[in-house]
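Data block below; observations after.
Bear in mind that the values in this text are calculations on the coordinates, not laboratory data. The structure displayed is predicted, hence computed values, not measured ones. Cβ coordinates were reconstructed from backbone atoms using ideal geometry, including for glycine residues, and neighbour counts include every protein chain displayed.
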Amino acid sequence: MLLKEMLAKNNMQQKELADIVGISPQQMSKLANYKCLPTPAQANTICETLQCNILDIYNKNEIDLILGTRKASRNQDDNLYYRLSVRLNKSSCNCLKLANLNKVGYKTIKSWVIDCMKELEIKQKGEQTHGA
């Protein structure tokens, strides 16, 4: 069963669920239209709220992406690690070569990705405040 169907079954609007999950209505729309996947915590909250199993909303491959894989680390952190794959055109691939990232101040691709994620979080927080 899809997220929109689960919302209807529970007589709930996307905005209501967005408020409960703690995301903007725009972000909830993206989740409901399968343009992006929720974080593990968001997925848990959605399932608890709609009293459903994650398999009612997402297929096995999507669940694997949502939950990621836990990876042991020396400091025993509780971070989730994701394996992401993207298809890029040649010019994008060239931009992401480590030598090119070094030129703009990044020592590793990981450090560039972390900076991009921080920037995305800032934008997402701004979207939530403007949407509220």
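Exceedance of the 29 Å cut-off in Cα-Cα distance is limited, within the set K30/K107; K9/K30; K35/K110; K9/K118; K35/K90; K4/K110, to K30/K107; K9/K118; K4/K110.
With the convex hull of its Cα atoms as the shape, segment 86-132 has an orientation-averaged projected area of 4.2 nm². Label-to-label distance for K123 and S91 is 1.9 nm, based on points extended 7 Å past Cα in the beta-carbon direction.
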